[in-house]
Each structure stands twice: as C-alpha cells, then as structure tokens.
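**Student:** Pasting a structure below so you can have a look.
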Amino acid sequence: MSDTTPRTTTLRTGSAGSAGVPADATGRLPWLSLLVLGGATFTMVTAEMLPAAVLPQMSAGLGVSEPQVGLLVSVWAAVVVIGSFPLVRLTRRFDRRAVIAGSLVLLAASAALTAIAPDYPAAVAARLLGALAVGLLWATTNAFTADLVSDRNLARAVAVVLGGATLGTVLGIPAGSVVADAIGWRAAFGGLAALALVAAVLVRVVVRTPGAGGSGGVSGAGAAGAASGASPVRSGETDAADADAGARTAAGRGIRRLIVVTMLVALLLVGHFGTFTFITRLVESPAGAVPGGVGTMLFVFGLASAAGVVLAGRFGDRTEPALLVSAVMTGAAVLALSFVDVHPALGVTVLVAWAVASGAVPALAQTLILRLAGPAHRGFAGALIPVLFNLGIAVGAALASLVVGGAGVAALPPLAAAVIGAAGVGLWFGVRSRRRGVQSDAPSRRTTSAA
C-alpha cells in the first residue's frame, strides 16, 4: 500500500484537499502534530459527554428532567450520524487542517452558547451546532492522521490521536463534573469553549501539513494522473495499462472490504456499548469490596482502556488479526460479567480485561479501515467511521435499555456477547478470505516478475 518513490507533487485527495504524501519520510512520527490532534479528540469526547457529567446541575438550571438532559447526548450522536457525510462533501476542496481548526471554533461557539442558554430549547440548538462540528471533526481528523504518516506508522499514529479521546473519558468528563460541583454547570461549558479555542489555535500553529517525500499510496505519474483525472498510462504502454486496471480493481475490493469491516465493528460496538451503558449496575457487587466503590471501578476501566489504545499502536502491519483477537476477548469478557459476583478479585479482573480489549478495538479498526481506503478514499473512510460507529453506539444503548427493562440487567451480558461474537465471526472470515486472496495472487505476481 505504501510507495517510497520520492516526489514533490502535491495530490489533492478526493475529499479534503490534503497532500497525498505523508510527512514522516524520515520514519519518525510527527509527535507534536499527533499530540495536538489528540488534544482535539480529547475536546470532542469531553464535549459529547459533558451533559452526562453535569446531569443534575444542568437539569436544575434549565428546569427540565434529567432524562431530558440525557437526550442531549443521544441527539448529539444522531446528528453526527446524519451530518457527517454531507459536511465532508461540502468541505472536500478545503485543506483538512483548516477544516479541523474551523470545526473546533464552531465547537467552542456551541459550548459558549450552551453556557449562556436561557432555557432548554436554546441548549438543544447549541448542542446541535456542536454535534455538526464534531461529526466533521471526527471525519477530517481520521483522514488527516493518515495523511501525516506512512502506512507502517499508521497504527501508532492512530493510537496517539485516539489516546486523546480515551483521556477525554478518563479525565475530561470527571473534570467537568468537579467544575460543575464547585462553580456550576455553566462554568463547565465555558471551560470547554476555552479548551476548544486553544485546540483550534494549536492546530493552526503547530500541526504541519503533509509534505513531499515518503509514501502516499499514489506515485509518480500515477499521482499526477489522479490529480488531473487523466489516466497515468503513456501511449503504447500496455503493461502500465494492465497495472492501472489492476490498481482500480484492487481499489474497488478495498472499498468493499472497508465498508464490511466498518459495519462489523459497528455491530461489535452495539454489544459493547449496550453493556457499557449499564456498567454501574453490572459491577455493583465487586465494587462494594473496592475502596471508592463504583467510582474506582470506572476509573480503573478508563485507565485499562487507555492501555488498550497503547497496545493497539504496537501491532504495526498485524492490525487485522489483532482486531480479531480484540473482538474475541471483548466478547469473552462481556460474557464473563455474568460471573463477577463470585469474588471481587474476579470482578476486577474481568473489568480490566474487558477495558483493555475494547479499548484497543477503535484504534485497530480505524487503522485497518484507513489502510483499506488508501489516500484516494480517506475522506470517505473518515466520514464512514464516525457515522457507523455512532450508529452502533446509539443502537446498542437503545437495545440494552429494552433488554434490561424487560428481563433485567442479568440478561444483558450473554445477549451482548452473542452480538459481539457474530461480529467476531465476520472478522474471522474476512481474515481468512484475505489470506487466501494474498496466496492466490502470489503466483501471478511471480509470473509477472519473471516476464
């Protein structure tokens, strides 16, 4: 997928106008750029979940019930699903770095408007603006991260950027709750607005645009031809024509595979997040023997999830089998939640295993999806990820509520594990079919080479 041919051509990828050439031609990660993008994902996750962190204070301040405040999170996810693709299309000709910075400014405006909202409808309107901004942010940040690095460094880069999202859960949301308790929920949203503005400035000042050199998946004449819309084949070069046709066929297979993988991961998230929605109920028994109770268990879950993200960045080219293993471990841990009442130590062990395995899934999945997309389809892949992932989260939470309401929380782990298991089976067949495809292609490659 990568190409090490030096070049200086700047290729506008189909959806965002970034260079089609990664910036890590020396083999080193662009750490400052990735850490700033991680700060952006930290801000996004904090913004998404902040109403849940300040639920009672916001409910009292706006004069509405707590379930109505909770809807601000659900509506947010729905808007991300609906708005991501249209916004990506509208901004596809703009530089991705400018789109990220501009979206963070809109997110800051949303948080500020929420902080001064006089009533519930005004708060809903402000949140809608923030959800649109974050839908575009996720899509563009996903694609831009892949622009910054070569294929071999993609797993590490995605892990760094998604590490910010994990810290948003571990630190950002609890910090919002502390501010709301000490000063008020409006101050928490005001702080979020300031954080988003700082992130926007850092993106413009620190994050570098992908430059020449390295690998971008389209090389030499192919890059120029892709940029102009013309065929890169020169007159009389039938070998080049065959290679170009083969590349188009491979690209088509890659698009189909990335859609299937994204849908399977979304199915996995239905089971995972459906269970996570009721995590406080599921770990009540082991939490009773732990200092700090449920709060400590949630903190441990967050730290273990962060460890899973770090581990995901260590797999390099083995992303696909690592994703399969993480899916299997997630399903097994969710099923084991049915037995956490046996002993507190077992409960903590199951919780940590669940957190590490599920924490690695998004980073591994995004790495694989962006690899399958290649430079030409990163905008599409970047938008597909938040759309289907958020859809999986929303459906999982809704279905879990129905299960718990009808059969009780004890019925949730086995059903959720079955859903995760179905996703794992699909990923397993995908790995097998890909290996067969690679093996069947090997003789033809050797024949072509010999010719």
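Values quoted throughout were computed directly from the atomic coordinates according to the rules given, and no laboratory measurement underlies them. Fair warning: this is a prediction, and the values are worked out from it, not measured in the lab. Methodologically, a virtual Cβ is constructed for each residue, glycine included, from the backbone with ideal geometry; neighbour enumeration extends over all protein chains shown.
**Student:** Given q = 0.12, 0.16, 0.28 Å⁻¹, what are the Debye log10 I(q)/I(0) values for segment 127-200, with equal point scatterers placed on the Cα positions and solvent ignored?
**Tutor:** Here the Debye-derived log intensity ratios amount to -0.44, -0.72, -1.29.
**Student:** Highest mean first, how do 31-41, 296-306 rank when packing is the count of other Cβ atoms within 10 Å averaged over residues?
**Tutor:** Listed from highest to lowest mean packing, they are 31-41, 296-306.
**Student:** So if R0 is 41 Å, what FRET efficiency would residue 281 and residue 32 give, r being the distance between their Cβ atoms, rounded to the nearest 0.05?
**Tutor:** 0.45
**Student:** What order, most packed first, do the peptides 416-426, 383-393, 140-150, 113-123 have when packing is the mean number of other Cβ atoms within 10 Å of each residue?
**Tutor:** In decreasing order of mean packing, 416-426, 383-393, 140-150, 113-123 become 140-150, 383-393, 416-426, 113-123.
**Student:** Translational D (Stokes-Einstein, µm²/s) of segment 261-366 at 37 °C and 0.692 mPa s when Rh comes from the Kirkwood sum over C-alpha pairs?
**Tutor:** Diffusion coefficient, whole number: 237 µm²/s.
**Student:** In 5 Å bins starting at 0, how do the alpha-carbon pair distances of segment 16-150 split up by percent?
**Tutor:** 2, 10, 19, 20, 16, 12, 9, 6, 3, 2, 1, 0
**Student:** Would you mind checking which residues have amide H under 5 Å from residue 317's amide H? H placed 1.01 Å from N; only 5 or more apart, or other chain.
**Tutor:** It is none; the list stays empty.
**Student:** Here is a follow-up. Using only alpha carbon pairs under 8 Å that are at least six residues apart, calculate the relative contact order of segment 55-161 and give it in whole percent.
**Tutor:** After rounding, I find 30 percent.
**Student:** If I histogram all Cα-Cα distances within segment 314-357 using bins 10 Å wide from 0, what percent of pairs lands in each bin?
**Tutor:** Per 10 Å bin, starting at 0, the Cα pair percentages come out as 30, 42, 21, 7.
**Student:** Please list 3J(HN,Hα) in residue order for segment 160-173, calculated via the Karplus relation 6.51 cos²θ - 1.76 cosθ + 1.60 where θ = phi - 60°; whole Hz, with x for glycine and proline.
**Tutor:** For segment 160-173, the Karplus curve yields 5, 5, 6, x, x, 5, 5, 5, x, 6, 6, 10, x, 5 Hz.
**Student:** For segment 66-124, what does the alpha-carbon gyration tensor say about shape, rounded, prolate or oblate, given a ≥ b ≥ c as the root eigenvalues, a/c under 1.5 as rounded, and a/b over b/c as prolate?
**Tutor:** oblate
**Student:** In whole Hz and in residue order, list the ³J(HN,Hα) couplings for segment 320-333 that follow from phi through the Karplus curve 6.51 cos²θ - 1.76 cosθ + 1.60, θ = phi - 60°; x for Gly and Pro.
**Tutor:** 5, x, 5, 5, 4, 4, 5, 5, 5, 5, 4, x, 5, 5
**Student:** Can you tell me, using C-alpha contacts under 8 Å and at least 6 residues apart, the relative contact order of segment 292-418 as a whole percent?
**Tutor:** The value is 33 percent.
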